[in-house]
Structures are given as structure tokens and as C-alpha cells.
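Here the structure comes first, spelled out in C-alpha cells, and everything after it is commentary.
What follows draws every value from the coordinates through simple rules; no lab data is involved. Remember, it's a predicted structure, so these values are computed and weren't measured experimentally. Quick reminder, even Gly has a Cβ in these numbers, built from the backbone with ideal geometry, and neighbours come from all protein chains shown.
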Amino acid sequence: MRSRRFVILVVILILAVCGSLTFAAPEKEEDIYKHLELFSDVISIVRAEYVEDVKSKDLIYGAMKGMIQSLDKYSEFMDPETYTEMKVETEGEFGGIGIEIAIKDDMLTVIAPIEDTPAYKAGLKAGDRIVKIDKDITRGITLLEAVKKLRGKPGTQIPLTALRESEGKILEFTITRDIIKVKSIRKAEILEDKIGYIRLSVFQERSAKDLEDALVELEKKGMDSLILDLRNDPGGLLNVAADVTGKFLPSGEMIVYTKGRDKRQNMEFKAKDKKPRTEYPLVVLVDQGSASGSEIVAGAIQDHRRGIIVGTKTFGKGSVQTVIPLPDGSALRLTTSKYYTPGGRSIHGEGIVPDIVIEREEKSKEESKAKPEEVFEKLEETPPVDNKEGAKPSVKKEEYDNQLQRAVDVIKTMKIYKTFSMKK
């Protein structure tokens, strides 16, 4: 009886904490207590009858983990160790392989490999499905569990098995972890005909400042138009994405707004740059590896007709997660709102469709979508292709980039049209 009272007390405290963070849908009070009683009965039975002694803390943590995970694929309960691991990301330097991942179609999916990292050099590509990490099949894995497995001491190796749907192959990689230093600007140069090119790889604290510095340098060299390359840019900080977008829109224009069930999560982000670049022709390059912050930029530019979006459909990650620390060092990573483009489009699950759709020539135009269970069954039956020597990176500098070339053609067309307009 004492054990049961303890369980009920813990559950009530949990709900009190969670209840202070979100607004629950109306529900009869007797239904809540009825479910709490059932929950406490299960925990009491487990503690009394399970073959081994189980700590109450482990049961409660497990219950909270399952509860939050059932909400959506981005929400998670983090124990203190996992929460500490997550905070490492904000430091900008960590030991890992250099990929951004998400759960898509119930499978662990590579959003984008970060350039010049072990994963990129080994040949992992956007869209690859990671079906095994070391010896563990990833069926049902959470994002943070995957991150925890992939990170480790620099110099250590991690075997990965990935399904590449475009080729119908299961590939095996052995990747050596390294210190991952993420740079916002991967390249900034003048291509031809005074067309500037900037490749933005991630939205970090310094990204807007780094972009400004790159723009100033290119303008000194005579840049009169710009291609902003957001391919394989998995996103990052929401406010930074807004600051980046604001460099190309008139001050005061809507960039993105968020809406949640709690009105405190409703926010608007408007352009506030003092000297925005609103005149010269702009093309934004995107692909399936462009997510979150990249989609904010592309969506705002598209809705305001400020530039032309070129490439392939983006990833479709348009929800906002709030990290809420809890008293014991654990935390909730909770989806609290979704963001919308200035025209009111929700990107979540939909992505941004470019104004001009151009597939990469190296990729197959028809990609078969395998069901998760079929993939894991196939993994158990079919030996993977040995890829330990490393495949070619998804993008090589010396390769012909048909998407970039089309962007250059679009810029030239825009410049010609602008000249015609000025003569009228």
C-alpha cells in the first residue's frame, strides 16, 4: 500500500510539472485519476512480480520516455546524461561523424552530411536510411539515442549500415570519429558575370554575422547578384534563420511566425536589417537535405517574390521544439509550435517546392520508397555491400553541378529582364 501511494504521488508530481508547461485538452477529472490508478497498479505489479529488482526511478523515467515519445517523433524525455549530451551540440565542437539526422517514415534518416567531416568523406548522402549502428538495428530508435550512439571519442570507429533507396542497395560503412567543427560559410566566391555564390551549411549563433562578412567581401569584388546555396543545410536556430532572411527583405516584412496551443508560443519574426539587400537578383538553391532554418529562408523569399527557388523539394521539418529543464537534471524536448511562411503555409511534412525543380543529374529520378519493416527484414536476409574504402562524397568540387549551372542561368535571365524593365 505504501508502495502504491509512493507511485501515485510521483505520477501526480510528474503531471504537475508537465501541466505547468502545456495546456491539456478538457478531460473529466475522474478519467484522469482512473488512468493514474491503472498506471500505479502496473508499476506496483512490476516492482512486486518482475523477475529482477527494478528501481522506481528507472520505471518512472521509462514511463515518461514512452509518454513523451508517443506525442511525435521530435519530442523526447531526456535523462540527465542524455540532456548533457544534447547540450554539447550548442558548443559547436564535439566528437562524432558529422551528419544531421531525423526520423522520417519511421526510419533513421540522414538529412545531410556536413561537408569535410568523416561521414561526408565516407560517402553518406542525404536520404540514406541508417538501419544499423554498430551491431544494433535502429528499428524504433529515438533521435537522441541515435546521437548518443554516433558520438564518441575522436579516433574511434563506428560501423554503420545504410539503405540507399535510389540505388536499391544496403551499404556498410566504417567511419572514424573526429572533432566536428561546424562552419557556417563553406564557400564564398564570384562565379562569373559578377554573380556571387555563398554556401551556407548551418544556422548557428554566428551564421548571420558570417553571412554579412561574406556579402561585404563579395560586394567589394563587384558582386551584383547572388546565389545562396542552402543544399544539405539541416537548419539550426530559428532566430538566426530569421536574421539571415532579413538581409534580403525590406525592414518590417514578415519572415516566419509560429503558432502553438499555448499562446505564449505564438511569435512573429520580421525583417530588421538596417541595410537589406533588396535590389540585386537572388536565387536560393535547396534540396531534400535543406531543412528547418533553410526552409524558413526559402519560404519567405518565395512568398515575398524576392528571389527564385531552384532545386528539389526540401525536407519538411517545420515544428519548434522547446527544451524544458527539470529539477533533477533531466529535461523535456517538447514540440510546442509549428512555424508558417509569410503566406501562411505550414512546411511541416510538406517541405518547400522550388519555383524551378531541377534534379541532380547524379541521382536517380525515381526513388522507390521501402516500408520500414521490409527494410529491416531485408537487412537480416541480405548481406550489405562492403563500402569500407569509402564511396565518393555526395558533392565534389570538380564535379559538374547542373543545379548550380541552372541557378547561374536563372540569375543571368533575371539580370537581362531587370535591364529591360529599367528601359521602360
* **Filter on 194/313; 187/209; 104/132; 183/275; 209/274; 259/313 - keep pairs with C-alpha separation over 21 Å** => 194/313; 183/275; 259/313
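Order these by the 10 Å Cβ neighbour count, fewest first: 284, 256.
On the way: 284 31, 256 26.
By the 10 Å Cβ count, ascending: 256, 284.
With 10 angstrom as the radius, rank 414, 78 by how many other C-beta atoms surround their C-beta, starting from the fewest.
Working: 414 17, 78 26.
Lowest count first: 414, 78.
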* When 33, 400, 61 are ordered from fewest to most other Cβ atoms inside 10 Å of their Cβ, what list results? -> 400, 33, 61
* Structure fact -> trypsin sites (Lys or Arg not before Pro) in the range 275-342 lying in a DSSP loop, each with at most 11 other Cβ atoms within 10 Å of its Cβ, come to 305
* To do: In whole Hz, with x marking every Gly and Pro, tabulate ³J(HN,Hα) for the range 132-149 from phi via Karplus 6.51 cos²θ - 1.76 cosθ + 1.60, θ = phi - 60°.
  => 8, 10, 6, 9, 9, 5, 8, 4, x, 6, 8, 4, 5, 5, 5, 4, 4, 6
* Asked: From the Cα gyration tensor of the range 272-369, with a ≥ b ≥ c the square roots of its eigenvalues, which class applies: rounded if a/c is under 1.5, or else prolate if a/b is larger than b/c, or else oblate?
  -> oblate
